[in-house]
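A short worksheet on the structure shown next.
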Amino acid sequence: MARRSQTVMLLIALSAIFALSRMVNAETLSTIGVNWGTQMTHPIPPTIVVDMLKANGIKKVKLFDADDWTMSALVGTDIEVMVGIPNAQLDRISSKYSHAKDWVKNNVTQYFKDGGVNIKYVAVGNEPFLESYNGSYLTTTFPALQNIQKALDEAGHGDKIKVTVPLNADVYASSSNTPSSGAFRSDIEDLMNQIVHFLKEKGSAFVVNIYPFLSLYQNAGFPVDYAFFGTGSRGINDNGKQYTNVFDANFDTLAWALKKAGVPDLKIIVGEVGWPTDGDKNANNDMAKKFYDGLLKKMAKKVGTPMRPGTVDVYLFGLIDEDSKSILPGNFERHWGILTYDGKPKFPMDLSGQGNDKYLIAAKGIQYLPAQWCVFNNEAKNLSSLSADIDYACSLGDCTSLGYGSSCNNLNSEGNISYAFNMYFQMSDQDVRACDFRGLAKIVDRNASQKDCLFPVQIISAGTRTAVTKAMFLGLLAALLFV
């Protein structure tokens, strides 16, 4: 009897521990979101992506537009959504209030209803004050922000949906490389002061994108350990506050800038944070896993930063690799996803930060183009156009994995040519005309992948599905006509 009683008590204790663990996991996941970008030639159908988000317990997404295809897939899911307004629309929305009203009506009101889309924020622009934009959006961003908030208020959404502007960390800086010297850039200080006070007044949040990887990428002398969350970095001491990683230091530099601007308690949301897996010597799965493990464990502990202890809301960047992103900042830009182009996890991770690493649940229902590859035809005689053809293939395809330190960096010359040809071929829906190059290329049905270098077969997305179905129909019709 005593033994049975002990067994029952043990089971009760284990059940309580399991329940507590689930509660902790759910609480941590509630602060973790993902950026769902769609700059890809073959996007995964949004319904498949949404099913994958739900299967992995991801409850928040940040979008870069309000595309109906994506928004419709989020209807009824209760996933918290930050919808985006691209920079290209800021001029129109700022110029006339009616344009803002139309945008809210078409992109918020039609989805924001019982059983609709759980919209929490409207992101007005995306990093509009980047120094590289040379002031292109300085006069339109704040008026657009005000117009959208006014339109939300008039539509009856203002108490539930807030406006914000996702900003790059280059809007503030420290004159002494310590957080306490943090202040907004002098050229936009007045504008930033207006914006942060507006956000505070409306009960919104400051959204900032922080990239420790870029600190490492842009500065050859940057200490590698300081980009991660271990204890190996010597860090910096700022008036008694110790910083052992650049994420905390960057975050608190902003906290000081906000304090000096007169809004010391304005909520900060990290709109983008992540680590790429290809396209640079420091961009690979091992380093990305190390970064995410440290970040997620930090989030789970709710320690915050020296200036802002407690919970921090973050959106991981990004969800899926995007093969159409601009590579002006670097080849790594197309490899930020925690998932590959076809929705497969790249490495094990635990989004709850408890260290129980396992591969995320992959996208289900993905269909691929035929198992065929475009490779260099080594029997070709006239190679005079080869260099120009490779340049052409890479300009319209994606050759970012061929760069120094990247996953396909060790291919021989023939392998490099084949990779370039195949990427163009796949991104062109395997059109036979995209594998000719004046006889320098040929289509093969043997997997051309080599060692750690994947030669992908592209997926069938909505656009290619229609084209393939039409081609199959026409082929079948022709066959029937000639029987």
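The values are calculated or read from the model by the stated rules, or taken from the named source; none is laboratory data. Everything numeric in this text was worked out from a predicted model, so none of it was measured. Cβ placement follows ideal geometry from the backbone for every residue including glycine, while neighbour counts extend to all protein chains displayed. Just so you know, the surface numbers come from the protein's heavy atoms only, side chains and all, with ligands and any DNA or RNA stripped out. Shrake-Rupley method; radii C 1.70, N 1.55, O 1.52, S 1.80 Å.
Give the residue from ALA283, VAL263, ALA227 lying farthest towards the positive end of the charge dipole for the range 193-291; charges sit on Cβ (+1 for Lys and Arg, -1 for Asp and Glu) and the dipole is referred to the Cα centre. Result: VAL263, furthest along the dipole toward the positive end. FRET efficiency for the LYS241 to ALA155 pair, using the beta carbon distance and R₀ = 56 Å, is estimated at 0.80. Under 5 Å from the amide H of GLU80 lie the amide H atoms of LYS60, VAL61, each residue being 5 or more positions distant or on a separate chain, with H modelled from the backbone and absent for Pro and chain starts.
Antiparallel beta bridges, as assigned by DSSP with both residues in the chain, represent about 35 percent of the total such bridges. Computed over the chain, relative contact order equals 14 percent, with contacts defined as Cα pairs under 8 Å that lie 6+ residues apart. When a 1.4 Å probe is rolled over the protein heavy atoms, the share of accessible surface on the range 119-249 that falls to carbon and sulfur comes to 43 percent.
Angle, helix 413-427 long axis vs. longest principal axis of the chain, Cα atoms, 0 to 90°, nearest 10? So the helix axis and the longest Cα principal axis differ by about 80 degrees.
A simple spin-label model places the labels of SER175 and TYR392 5.6 nm from each other, with each point 7 Å out along Cα-to-Cβ. Here the contact order of the range 251-398, divided by its residue count and restricted to Cα pairs under 8 Å and six or more residues apart, works out to 20 percent. Pairs of alpha carbons in the chain separated by more than 43 Å make up 22% of all such pairs.
In a DSSP loop and with at most 12 other Cβ atoms within 10 Å, the chymotrypsin sites (Phe, Trp or Tyr not before Pro) in the range 355-405 are TYR359, TYR404.
Beyond 14 Å, what percent of the Cα pairs of the range 295-374 remain? Distances greater than 14 Å cover 72 percent of the Cα pairs. Using a simple spin-label model with pseudo-atoms 7 Å out from Cα toward Cβ, SER384 and ASP452 lie 4.0 nm apart.
List the residues, sorted by chain then number, that are 5 or more residues from ASP65 or on another chain and whose placed amide H is less than 5 Å from its amide H. Amide H to amide H, under 5 Å and 5 or more residues apart or across chains, ASP65 pairs with GLY84. Surface composition of the range 344-449: carbon and sulfur make up 48 percent of the accessible area, probe 1.4 Å. Per residue, the accessible area of the range 346-391 comes to 56 Å² when a 1.4 Å probe rolls over the protein heavy atoms.
Ordering PHE421, SER174, CYS399 by Cα displacement along the dipole of the chain toward the positive end leaves SER174 in first place; charges were set at the Cβ atoms of Lys, Arg (+1) and Asp, Glu (-1).
Axis angle, to the nearest 10 degrees, between helix 386-396 and the longest C-alpha principal axis of the chain: 40 degrees.
Sites listed here are trypsin sites (Lys or Arg not before Pro) in the range 129-197 whose DSSP assignment is loop and whose Cβ has at most 10 other Cβ atoms within 10 Å, and the list is empty. Rounded to the nearest 10 degrees, the inclination of helix 189-201 to the longest alpha-carbon principal axis of the chain is 70 degrees.
Based on protein heavy atoms only, the range 224-292 ends up with 39 Å² per residue of surface accessible to a 1.4 Å probe.
Normalised by the number of residues in the range 216-329, the average gap of Cα pairs under 8 Å and 6 or more apart makes the relative contact order 23 percent. Ordering of 189-198, 337-346 by packing is 337-346, 189-198, highest average first (other Cβ atoms within 10 Å, averaged per residue). Based on the Stokes-Einstein relation at 4 °C and a viscosity of 1.567 mPa s, and on the Kirkwood radius from alpha carbon pairs, the range 121-185 is assigned a translational diffusion coefficient of 97 µm²/s. Spin-label model, SER30/ARG234: points 7 Å from Cα along the beta carbon direction are separated by 4.2 nm.
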